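First up is the structure itself, then whatever we jot down about it.
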Amino acid sequence: MTDTRRPGAARLSAEYSSLGLRIRIRCDDAEISRGLDDLYGACRRPTHGTPDIDLEIASSDPNGFELRADGELVHGDIHRHEVLAWCAWSINNLATERSPHLVLHAAAAARDGRSVILTGPSGSGKSTLVGALVLAGMSYLTDDSVAVDGDATQIYSNPKPIALDRDSCRALSLTTERDGRAHAEKLLFAPRSLGVALDAECRCTPALIVRPRFRPGRGTAVAPLAPAEAAELLADQSFNFAADGSAGLRAVAALGRSCAAIVVEYGDVAGAVDAITSALAAHTSPRVPLPSNVAMLRPTHPDLDVEILGEEALIWHRGARELHRLSPAATAIWLAAQSSSANDVLGKDALADVEACIDELKARGLLGS
């Protein structure tokens, strides 16, 4: 590899943490290094041993840079004003791909150790709302990707920079005239420039799942989200649910049982913040206990895992790598079939009928998904 640094430039090195991974960044430009330390200050970790991800930023001319990840070229012609954005993009992509945890596509904020998980497709307002919650006094965990521990009783802080477009900046009264990047599609903000940010890997108890929907010009409306629907949403909005398979199903089901869940439609950020903080304050204990007859719920089909949440069931088909949600009626049939003894011929016939029904409903697109 050809060294493209300017002669005599010192290579600065720092280590950060994201989604359970150690990330070393080496850079030969002091200004870029200071910018990274500002954006990732809450992620800073002591340097030791071999990192999980090794990023290198090298200057090729006064305003041109190349970025390498683990020795592989990511981009070879980056303007100075774009280096931090490219670095943040690379860190997030690599961390979500390699994290040892289930990683949700979600923003998160916390108060008194209890966290709100805001999840939904890109453009639903996650980053804007988490920025508003932090400005309102909550602690920042992440704006895009959050790791869940093995038994889903805790989530980990991932205090990466907050990426906001100009409309979001205006909604939050944040200036866009920063470092000559007023025309950038998105601006990166250091979390601690908005308020409190918990250090990387700090744990919080998940308490509230929010599916935001931005509706310009409308007021704020709140609707409950059923536990199975909330768990299905988390699975759908996950970077690696399919890879986690059965463990992923158990994790999202545990979150669906323990957390309150709501849909918040909003046209005004302040109204959404009030609705979310009120819902968090109102939730004090798990609302959906684990079924007492867990052993009975194990399906006889070798490729199926099932979790019952309230009146609905989530079924993960390991072979097809597909998740399905059963309606209350279909779940009742499933449970009736499972209650029969596995050695009982009638029970086997009933279960076969149920599985045939599931296959038919799936083929006709009638199963909840």
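Might you tell me the accessible area per residue for the range 131-175, computed with a 1.4 Å probe and given in Å²? Intermediate results must be reported in sequence, preceding the final value.
Numbers: 1390 Å² over 45 residues.
Accessible area per residue: 31 Å².
Could you calculate the FRET efficiency of S173 with D37 from 1/(1 + (r/R0)^6), where r is the beta carbon distance between them and R0 is 41 Å, rounded to 0.05?
Numbers: r = 26 Å, r/R0 = 0.63.
E between S173 and D37, to the nearest 0.05, is 0.95.
Could you look at the range 15-67 and say what percent of its accessible area is carbon and sulfur, using a 1.4 Å probe and all protein chains? It would help to have the intermediate numbers written out before the result.
Numbers: 890 of 1970 Å².
Here it works out to 45 percent.
Enumerate the whole-percent occupancy of each 5 Å bin, from 0 to the last occupied one, for all C-alpha pair distances of the range 1-156.
Result, from short to long distances: 2, 9, 17, 19, 18, 15, 10, 6, 3, 1, 0 percent.
Keeping all protein chains in position, work out how much accessible area K186 exposes to a 1.4 Å probe, and write it in Å² to the nearest 10.
110
Taking 45 Å as R0, compute the FRET efficiency from the Cβ-Cβ separation of T50 and E355 and round it to 0.05.
Values: r = 48 Å, r/R0 = 1.07.
About 0.40, to the nearest 0.05.
Kirkwood hydrodynamic radius, the range 39-131, all distinct C-alpha pairs: what's the number in Å?
Values: mean 1/r = 0.0634 Å⁻¹.
Across the range 39-131, the inverse of the average 1/r is 15.8 Å.
Which FRET efficiency value, to the nearest 0.05, is calculated for A281 and R218 with the Förster distance at 22 angstrom and r the Cβ-Cβ distance? Don't skip to the end; give the middle numbers.
Working: r = 24 Å, r/R0 = 1.09.
For R0 = 22 Å, the calculated efficiency reads 0.40.
Take the solvent-accessible surface of the protein heavy atoms, probe 1.4 Å, and return the percent of it on the range 103-148 that carbon and sulfur atoms account for.
On the way: 440 of 970 Å².
Here carbon and sulfur together make up 45 percent of the probe-accessible area.
Quick check: net charge around E72, other residues with Cβ under 12 Å of its Cβ, Lys/Arg +1 and Asp/Glu -1? Don't jump to the answer; show the numbers that get you there.
On the way: positive: R68; negative: D54, E56, E66, D70.
With Lys, Arg at +1 and Asp, Glu at -1, the neighbours total -3.
Taking the Cβ of V252 as the centre, find all other residues whose Cβ is under 9 Å away and add up their charges (Lys, Arg: +1; Asp, Glu: -1).
Net charge around V252: -1.
In whole percent, and with a 1.4 Å probe on the protein chains, what portion of the accessible area of the range 206-284 is carbon and sulfur?
Working: 1500 of 2900 Å².
Roughly 52 percent, rounded to a whole number.
When you count, for each residue, the other Cβ atoms within 10 Å and take the mean per peptide, how do 65-75, 101-111, 272-282, 255-265 rank with the highest first? Intermediate results must be reported in sequence, preceding the final value.
Numbers: 65-75: 15.8, 101-111: 25.5, 272-282: 18.1, 255-265: 22.9.
Descending mean neighbour count gives 101-111, 255-265, 272-282, 65-75.
The values are calculated or read from the model by the stated rules, or taken from the named source; none is laboratory data. All values reported here derive from a predicted model rather than from experimental measurement. Glycine also receives a Cβ, built like all others from the backbone with ideal geometry; neighbour counts cover every protein chain displayed. Quick note on the areas: whole protein, heavy atoms, side chains included, nothing else; ligands and nucleic acids left out. Shrake-Rupley method; radii C 1.70, N 1.55, O 1.52, S 1.80 Å.
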